[in-house]
Amino acid sequence: MIAELGLAALWLAAALSALQLLAAIAGVRAQGSAIAALVRPAAAVQALLCAIAFLALLYVFASTDLSVALVAANSHSDKPLIFKLAGAWGNHEGSMLLWVSVMALAGGLIAIVERRLPERTMLATLGAQSFVSLGFYAFLLFSSNPFERLDPAPLQGNGLNPLLQDIGLAFHPPTLYFGYVGLSVAFSFAVGALVTRQVTPEFARVMRPWVLGAWIFLTLGITAGSFWAYYELGWGGWWFWDPVENASLMPWLAATALLHSASVLAARDALRTWTIMLGVVAFSMSMIGTFLVRSGILTSVHAFAVDPERGSFILALLAIYIGGALVLFALRANTVAEGERFALLSREGALVVNNVALSSILGIVLLGTLYPLLTEAFDLRVSVGPPYFNPVGAMFFLPMLVVLAIGPLLRWRRDSFARVRWQVLAVLGLAGVVLLAVWLVTQIKLLPLLGIALAAAVALGSLLPLRGRDLGRLPLPVWGMVISHFGIAVALFGMAADSAFQEERLVAAGVGETVAVGPWQARVTAIVPTAGPNWTAMEAQMAFAYDGGAPRLAAPQARQFWSPPQETSEVALITRWNGQLYVAVGNEVENERWQLRLWWKPFVTFIWYGGVLIALGGVLALIGRVAGDLRRRAAVRLIEERRADEANAGFPLARDRA
Amino acid sequence: MRRLRLSLWLLVALALALFALFALQLSRPKNEFVQSALVGKRVPDFALAPAVESHPGLSSADLADGRPKLLNVFGSWCIPCRAEAPQLEALRRQGAEIVAVAIRDRPEDVAGFLQVYGDPFTRIGADQISAVQLSLGSSGVPETFVVDGAGIITHQHIGDIRERDVAILLDELRRAGTGA
C-alpha cells in the first residue's frame, strides 16, 4: 500500500511537471498570461509529492517489504537499520528517485522564495527546470520504477553489495547527487536568462548560492569517495583516475570555474556569456558523469552500478538537454550584450586565468576519460592513466596555483604591480626557498617537489588577504575564500608528500615475525578467524611501534561476506599527525604465512583535511551570501512598508535612505 | 562575434559527435576480456616439468616443432575446464594436437581429472606459480591458444570452449598450419 502511494505521488508529480512546463511556456510567450500563475504552485506541490514518494521508499526499505522488487534485490532482513535505509538509494532506481526528489525540492524552494529576477526570466527558469525534471520522471517511471512489486515475494532479500555496506559510502552517492542537482538548478537559471536575454549581475547573485551549494556537496562527495576508495579497496591509493572518479571530478572543475566567473558577473557585470556557457557545461558534466557511471560504457571499479539499457535512456536525455542548451546558446550568445571591460592585471584578470586553467584541466580530464572509448570504436583497446593525467594536468594546475596565491590580493577592474609587489615577492620567494630546501634535503621527483613548494606559496598567499583587516568585521564570504584556498594548499601538500615519501612493503609473514616499513616496526601477534553480523574474516592481530616507541595494536581483516558472497579487505589504519600507516592482509600463501601489504604514507591525511577545509570555506561563503540576501530582503520590505505609510499619510516623510 | 558564433556551432557539432560515439559504443556488445598482447608474437621461453606421470612436460621448444597446436591452460580445480572437456575431446578427434599447462595443480588431482573428464592432451606441463600463464598474457583458466608450427601465437580463446567454438578453433588451427 505504501509503495503504491509512493508511485501515485510520483505520477502526480510528473503530471504537475508537465503542467509547469506548459504554463511557463505560455507565460514567457505572452506577458501577463493567466495560466502563468500556476507555475510556482505547481513546482511547490511537486516538491511535496516527491518528498512523499521518497519517504515511501525509505519506509519499504526500513520494514524490508520483500514484495517490492527493489527491496528484494538490494536488502536483507539481517542488515543493520542504517544500511537498510542506505539500501534505498544504494541502487539505480532508488538513487534516481533521490535525484528527482532533491530536484523537485530545489525547484519548489526557488518557486516559493525567489522574487529578485524579472518574472519572465523566473518563468523561463522554472520552465527549464520542469523540462529537465520531466525527462527524469519519464526515466524513473518508464524504465526504473522503484516501487515495482514482486509476486510471489521471496522469503529473503539479496543483500547490498558488501563494498557498499560502509557508513562512508552510504553518504557518498547522495552527496554527489545533491551536487549534480544543484548544478541542474544553475543550468535552469542559465537557460532562463538566455531565453529572456537577461544576463545581469542580479542573475549571477541569484544563481550563486545554488552553484556554491552544489560545489560544497561535490567537494565533500569527492573527498569522501577518495577516502572510501583508499581504505575500502585495500590498494593504498587515494585517486586512480578511474573513469567514474573523473566523472565526479569534471563537474567539480566546471562548478569551480562557474563559481568564480559568477562572482565576476555579480560584482563587475563582466564575463556574461562565459558564465552562461559554464552553467551549461557544469550540468553537462554531471549528466555525462551519470551516463558514464550508469551505462557501464567504460570499465571501472564502479561496475556495480551498470546497466546498458538505462544507459541509452540517459544518453537520450543527455542529447536533448545538452544538445538543446548548446544550440540555444549558439543562437543567443551574440545577442547577449557584452559586459564590462577590465585590465589584464586585476581581480577579474586573475579569475579569467583561473577559469581558463580550470577549463583546460576539464578538457584534459574529459579527453583522457573518453579516449579509450574513441579508440575502442576502432577496435583498439588502450587505457589512460596517471602517466597522462598527472603531468598534463599539472601543466595547467601548477600555474593556476601561482595565480591563486596572488589573485585575491588584486583589486577589481585595474591594479598596478607596484601596489602588490611585496606580497608577490613574498609568495614567490617562499616557493623558491621551500623548493630549494626540500630538493637539497630529499632530492625527490619534480612534480611532488613543485607541489610542496607551491603548497607553501598558496598557504601564504591564501592568508595574505587577511593582512591589515579587522578580522572581527571581515565578511563571511572572504573568510570562506581564505579557508578554501588554504584547504587547497593543505590537500596539495598531502598529495605531494604522499607521492614523494611513501614507503611500501609486500611480504609473507607468520605469527611472531616483524616487518619494518619506514619508521615503523610491525609485529604479527596472532592470526585468528573472526565473525561479524553478515561476514566472517581472517584477522591479523598486530602491534605497531613508531620509531621504537610504545606499540599500538590494530587488526586488519580479509572479510568474506555471504549475502551476496564477496571478499573485501578491511585495512588497519594507524594515524599520526605526520601520516598514516596502512596495512592490508591478503591470502594465505604457504603454511601459516599470510600476505601482508604495508604502506607508510607521510601526511596522506592532509589530502582529506584539505578537502574538508575547502568545503568548509564554501559553507561559510554560502552562509554569508544567504544571510546577506535575507538582510537585503528585510531592508527592501522595510522601505516598501515606509513608502506605503507615506502614501497613506498623504505626504512624503523622507526619501529612502538605504 | 562571427568567430564566436562559428566556434559555438563547432561546439554543438562536437557534442553531437560525442553523443554519436556514446550511442555507437552502447549499441556494440561489450567485450570485457583483455586480449593477450602476445597474439602474433612468439611464445616466451619456458620449460615445465610434467604435471602428471603419464604425460611428458612442456617447453617452448615443443611448441616450435613445425606442427600447429592448441595450447590449453587449465586446472583440475577449475569448473569451466570440466565443462569444456567434451569440446577438447571433439577437437582431438578431428585431428587437433593439444598440449596443456596445468595451473597450481597436484599430480594426483590432474590424473583424477583426466580419468573422469577425458584426456585429449599429448603433453602437460606443471605451472605451480602461474609464471608461464602470466607470461602468455593469460588472465584466467581456461584459456586456449592456437600456436603455429614456428611457435607463434596466432589466436587466443578466452574462457571455456563451447560447441560453436570448435569449428572456429579448427579453422584457426588450419590457417596456422598453412601460414595464411
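The condition of being touching a Gly at 6+ places or on another chain (Cβ under 9 Å) and among the acidic types (Asp, Glu) holds for only one of A:415, A:379, that being A:415.
In the set (1) touching a Cys at 6+ places or on another chain (Cβ under 9 Å); (2) outside the structural domain of residue B:162 (by TED's automatic domain parsing), the condition left unmet by residue B:12 is number (1). May I ask you to list the residues in the range A:530-589 that are within 31 Å of the chain's Cα centre (by Cα), assigned to a strand (DSSP E or B) and hydroxyl-bearing (Ser, Thr, Tyr)? A:568, A:569, A:575, A:582 - these are the residues of the range A:530-589 that are within 31 Å of the chain's Cα centre (by Cα), assigned to a strand (DSSP E or B) and hydroxyl-bearing (Ser, Thr, Tyr).
Grab the strands (runs of 3 or more DSSP E) fully contained in the range B:63-155, keeping just those with 3 or more residues being more than 25 Å from residue B:167 (Cβ to Cβ) and assigned by TED's automatic domain parsing to the domain that holds residue B:171. First the steps, then the outcome.
Values: elements: B:69-74, B:98-103, B:121-127, B:143-147.
Answer list for the range B:63-155: B:121-127.
The condition of being among the small types (Gly, Ala, Ser), under 32 Å from the mean Cα position of the chain (by Cα) and more than 14 Å from every other protein chain (Cβ to nearest Cβ) does not hold for residue A:429.
Scanning the range B:70-93 for residues that are within 20 Å of residue B:108 (Cβ to Cβ) and small (Gly, Ala, Ser) yields a count of 3. Of the set (1) surrounded by fewer than 24 Cβ atoms within 10 Å (Cβ to Cβ); (2) among the β-branched types (Val, Ile, Thr); (3) at pLDDT 95 or above, all apply to residue A:589 but (3).
For the range B:98-112, the condition holds for at least one residue, the condition being that it is within 14 Å of chain A (Cβ to nearest Cβ) and surrounded by fewer than 17 Cβ atoms within 10 Å (Cβ to Cβ). Among the residues examined, residue A:471 does not qualify as closer than 24 Å to residue A:625 by Cβ, in contact (Cβ under 8 Å) with a residue 24 or more places away in the chain, surrounded by fewer than 19 Cβ atoms within 10 Å (Cβ to Cβ) and of a type in the set (A, V, I, L, M). The requirement of being among the aromatic types (Phe, Trp, Tyr) and more than 21 Å from the chain's Cα centre (by Cα) is fulfilled somewhere in the range A:383-392, by at least one residue. Here residue A:349 meets each of (1) under 14 Å from residue A:285 (Cα atoms); (2) surrounded by fewer than 21 Cβ atoms within 10 Å (Cβ to Cβ) with one exception, condition (1). Mind checking which residues of the range A:325-358 are within 14 Å of chain B (Cβ to nearest Cβ), outside any helix (DSSP H, G or I) and of a type in the set (Gly, Ala, Ser)? Within the range A:325-358, A:337, A:339 meet the criteria.
Take the conditions within 15 Å of the chain's Cα centre (by Cα) and free of Cβ contacts under 8 Å to residues at least 40 places away in the same chain and apply them to residue B:98. Does it pass? Yes; evaluated as a whole, the condition is true for this residue. Of all residues in the range A:227-239, those satisfying the criterion of being within 13 Å of residue A:499 (Cβ to Cβ) and modelled with pLDDT under 85 are A:236, A:237. Out of A:384, A:424, A:458, one residue alone is of a type in the set (A, V, I, L, M), assigned by TED's automatic domain parsing to the domain that holds residue A:361 and either buried (at least 17 other Cβ atoms within 10 Å of the Cβ) or touching a strand residue (DSSP E or B) at 6+ places or on another chain (Cβ under 6 Å) (or both). It is A:384. Considering every residue within the range A:479-494, establish whether at least one is within 29 Å of residue A:559 (Cβ to Cβ) and either in contact (Cβ under 8 Å) with a residue 60 or more places away in the chain or not in a helix (DSSP H, G or I) (or both). Yes, because at least one residue in the range A:479-494 is within 29 Å of residue A:559 (Cβ to Cβ) and either in contact (Cβ under 8 Å) with a residue 60 or more places away in the chain or not in a helix (DSSP H, G or I) (or both). Of the listed requirements (1) β-branched (Val, Ile, Thr); (2) in the same structural domain as residue A:253 (by TED's automatic domain parsing); (3) crowded, with 16+ Cβ neighbours inside 10 Å, residue A:375 misses just one: (3). The number of residues in the range B:155-180 that are closer than 26 Å to residue B:79 by Cα and surrounded by 14 or more Cβ atoms within 10 Å (Cβ to Cβ) comes to 14. Evaluated against (1) closer than 14 Å to residue B:82 by Cα; (2) without any contact (Cβ under 8 Å) to a residue 24 or more places away in the chain, residue B:108 falls short on exactly one condition, (1). Regarding the range B:11-29, can at least one residue be identified that is surrounded by 15 or more Cβ atoms within 10 Å (Cβ to Cβ), within 14 Å of chain A (Cβ to nearest Cβ), without any contact (Cβ under 8 Å) to a residue 60 or more places away in the chain and among the aromatic types (Phe, Trp, Tyr)? Yes; the residues of the range B:11-29 include at least one that is surrounded by 15 or more Cβ atoms within 10 Å (Cβ to Cβ), within 14 Å of chain A (Cβ to nearest Cβ), without any contact (Cβ under 8 Å) to a residue 60 or more places away in the chain and among the aromatic types (Phe, Trp, Tyr). Of the residues examined, residue B:150 is not one that is surrounded by fewer than 22 Cβ atoms within 10 Å (Cβ to Cβ) and either touching a Gly at 6+ places or on another chain (Cβ under 6 Å) or under 15 Å from residue B:87 (Cα atoms) (or both).
Let me confirm something: among A:440, A:460, which residue is assigned to a helix (DSSP H, G or I) and more than 33 Å from the chain's Cα centre (by Cα)?
Values: A:460 fails: more than 33 Å from the chain's Cα centre (by Cα).
Step by step, each of A:440, A:460 is checked, and only A:440 is assigned to a helix (DSSP H, G or I) and more than 33 Å from the chain's Cα centre (by Cα).
Would you check which residues across the range A:264-299 are under 18 Å from residue A:139 (Cα atoms), within 12 Å of chain B (Cβ to nearest Cβ) and not hydrophobic (A, V, I, L, M, F, W, C) and list them?
The initial filter retains those residues of the range A:264-299 that are under 18 Å from residue A:139 (Cα atoms), namely A:283-284, A:286-296.
Going one step further and asking which of them are within 12 Å of chain B (Cβ to nearest Cβ), we end up with A:284, A:287-288, A:291-292, A:294-296.
Matches in the range A:264-299: A:284, A:294, A:295, A:296.
The values are calculated or read from the model by the stated rules, or taken from the named source; none is laboratory data. The structure displayed is predicted, hence computed values, not measured ones. In this analysis, Cβ positions are derived from the backbone assuming ideal geometry, glycine residues included, and neighbour counts consider all displayed protein chains.
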